[in-house]
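*Asks:* Please read through the structure below; I'll follow up with questions.
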């Protein structure tokens, strides 16, 4: 029994997402710690009393506006080869890449970006990544390469869930000496995609399984992060099952620039968009008359938007906690805890203008300056800090596969 997917349509089915890491749809600032927060929150004006001549109000305003002052300027980078996609990247970084095809129907959306001085190196996709076929007991043996119907090669390998595939990619292509891998499946997006794809696949007489995962790791003196999506598709009763590393992206960074790296990777993934005209042309080239690629791509897009909203909510909760504790601290100062500062407003009142901050680090050396009024801080896989619960628990497991508590 022949596998019913044509080569080109199957590639489209696997790779043709419209904005897999969909844009958040609103403006953001990135603060001095690499945290992405909504611009409206970042630009919030202090609600406390007084003018700029009041030391309390000055410190409060400085603290409240710090994200805007330290924001990273981003630019849209368009695929210079075929115009197939675009991403947002920090302005002033060195960027190379673009669409690269290993065959006519196997496009890879490649990005390589490096910060000034080379402290952060971002990557996305790799033309060396081939489509795989699961060993089937007939003619496909593990470790071999066989011709594909579309003129390329299929590697015969057992299916690897996203975290395992990501680790193997890092060890082969990014850092052969990588150690201290931490992470796993991102349950929220994995469950959502499988739920949505299940219905679509059944209507097309096929079955699909998707895994989304992420890992942190060490590479000598550098910290690393990798995010991946793997997708397996097969026709019930058929002898062939194909799978693909749908997306792989990440970074290597010096620990001192970890916050910048974390902000940049989140913004890059969160802004990836396909040029729909390019995608429509590609679909016509492959005779996608049913529009299946668009339907499947929209499912991925909606799942990613949902996860982006959850991340946005976590960022807003972080800001709300930060602001709440800031308000409490400054209100306490205004009520009389001022005598030790030596600062006087002219009416006999002393003020404490100290910004109440502390440094926290995780087990792999990522460090950030955070609000000292928040007791428990946790780092996600990329090295980005979030506040934990009052009881000390980590943020939601649906947002990250490896929460590491800050010390």
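*Asks:* Just need a number here: residues in the stretch 106-127 that are surrounded by fewer than 20 Cβ atoms within 10 Å (Cβ to Cβ), touching a helix residue (DSSP H, G or I) at 6+ places or on another chain (Cβ under 7 Å) and within 24 Å of residue 154 (Cα to Cα).
*Replies:* 1
*Asks:* Could I ask something else about it? Take the residues in the stretch 190-216 that are under 30 Å from residue 256 (Cβ atoms) and in contact (Cβ under 8 Å) with a residue 60 or more places away in the chain; name whichever of them is nearest to the chain's Cα centre (by Cα). Break it down into steps so the answer makes sense when it comes.
*Replies:* Kept after step one, since they are under 30 Å from residue 256 (Cβ atoms), are these residues of the stretch 190-216: 212-216.
Next cut, in contact (Cβ under 8 Å) with a residue 60 or more places away in the chain only: 213-216.
Numbers: 213: 10, 214: 9, 215: 11, 216: 12 Å.
For the stretch 190-216, the residue satisfying everything is 214.
*Asks:* Could you list all residues from the stretch 270-300 that are assigned to a helix (DSSP H, G or I) and at pLDDT below 75?
*Replies:* Going through the stretch 270-300, the residues assigned to a helix (DSSP H, G or I) turn out to be 270-271, 276-285, 292-300.
Result: 292, 293, 294, 295, 296, 297, 298, 299, 300.
*Asks:* While we're looking at this one, here's another question. Going by the structure shown, is residue 189 in contact with a strand residue (DSSP E or B) (Cβ under 6 Å, 6 or more places away or on another chain) and modelled with pLDDT of 95 or more?
*Replies:* Working: in contact with a strand residue (DSSP E or B) (Cβ under 6 Å, 6 or more places away or on another chain): yes; modelled with pLDDT of 95 or more: no.
No: the conditions fail for residue 189.
*Asks:* Moving on. Taking the stretch 229-263 as the region of interest, how many residues are under 23 Å from residue 145 (Cα atoms) and part of a strand (DSSP E or B)?
*Replies:* Counting residues in the stretch 229-263 that are under 23 Å from residue 145 (Cα atoms) and part of a strand (DSSP E or B) gives 14.
*Asks:* Here is a follow-up. Of 312, 327, which residue is assigned to a helix (DSSP H, G or I), at pLDDT below 75 and over 24 Å from the mean Cα position of the chain (by Cα)? Please lay out each step first, then the result.
*Replies:* Working: 312 fails: over 24 Å from the mean Cα position of the chain (by Cα).
Just a single option satisfies the conditions, and that option is 327.
*Asks:* Hey, does the stretch 92-105 have a residue that's at pLDDT below 95, crowded, with 17+ Cβ neighbours inside 10 Å and under 18 Å from residue 151 (Cα atoms)? Can you show your working first?
*Replies:* Looking only at the stretch 92-105, we keep the residues that are at pLDDT below 95, and these are 101-105.
Then drop every residue that is not crowded, with 17+ Cβ neighbours inside 10 Å, which leaves 105.
This time we only want the ones that are under 18 Å from residue 151 (Cα atoms), so: 105.
Yes, because at least one residue in the stretch 92-105 is at pLDDT below 95, crowded, with 17+ Cβ neighbours inside 10 Å and under 18 Å from residue 151 (Cα atoms).
*Asks:* In the stretch 119-144, which residue that is assigned to a strand (DSSP E or B) and over 22 Å from the mean Cα position of the chain (by Cα) is farthest from residue 245 (Cα to Cα)?
*Replies:* At the first step, the residues of the stretch 119-144 found to be assigned to a strand (DSSP E or B) are 120-124, 132-133.
Now restrict to residues that are over 22 Å from the mean Cα position of the chain (by Cα): 132-133.
Values: 132: 9, 133: 12 Å.
In this case the residue turns out to be 133.
*Asks:* In addition: Would you point out the residue of the stretch 351-366, among those that are under 30 Å from residue 183 (Cα atoms) and surrounded by fewer than 17 Cβ atoms within 10 Å (Cβ to Cβ), that is modelled with the highest pLDDT?
*Replies:* Within the stretch 351-366, the first condition is being under 30 Å from residue 183 (Cα atoms), and the residues that meet it are 357-366.
Now drop any that are not surrounded by fewer than 17 Cβ atoms within 10 Å (Cβ to Cβ), which leaves 357-359, 363, 365.
Details: 357: 82, 358: 86, 359: 89, 363: 81, 365: 82.
Looking at the filtered set, the residue picked out is 359.
*Asks:* Read through the list (1) modelled with pLDDT of 50 or more; (2) over 27 Å from residue 170 (Cβ atoms); (3) touching a helix residue (DSSP H, G or I) at 6+ places or on another chain (Cβ under 6 Å), then give the number of the only condition that residue 42 fails.
*Replies:* (1)
*Asks:* Now, a different point. Taking residue 181, is it over 14 Å from residue 251 (Cβ atoms) and at pLDDT 95 or above?
*Replies:* Working: over 14 Å from residue 251 (Cβ atoms): yes; at pLDDT 95 or above: yes.
For residue 181, the condition - over 14 Å from residue 251 (Cβ atoms) and at pLDDT 95 or above - is met.
*Asks:* Let me ask something additional. For residue 265, all conditions in the list (1) touching a helix residue (DSSP H, G or I) at 6+ places or on another chain (Cβ under 9 Å); (2) closer than 30 Å to residue 198 by Cβ hold save one; what is the number of the exception?
*Replies:* Condition (1) is where residue 265 drops out.
*Asks:* Please list, ordered by residue number, the strands (runs of 3 or more DSSP E) wholly in the stretch 361-407 having 1 or more residues that are out of contact with any helix residue (DSSP H, G or I) (no Cβ under 7 Å at 6 or more places or on another chain) and under 22 Å from residue 228 (Cα atoms). Before the answer, list the steps.
*Replies:* Numbers: elements: 367-371, 377-379, 385-387.
The qualifying strands (runs of 3 or more DSSP E) are 377-379, 385-387.
The values are calculated or read from the model by the stated rules, or taken from the named source; none is laboratory data. Predicted model, so just to flag it, every value in this text is computed and none were measured. Methodologically, a virtual Cβ is constructed for each residue, glycine included, from the backbone with ideal geometry; neighbour enumeration extends over all protein chains shown.
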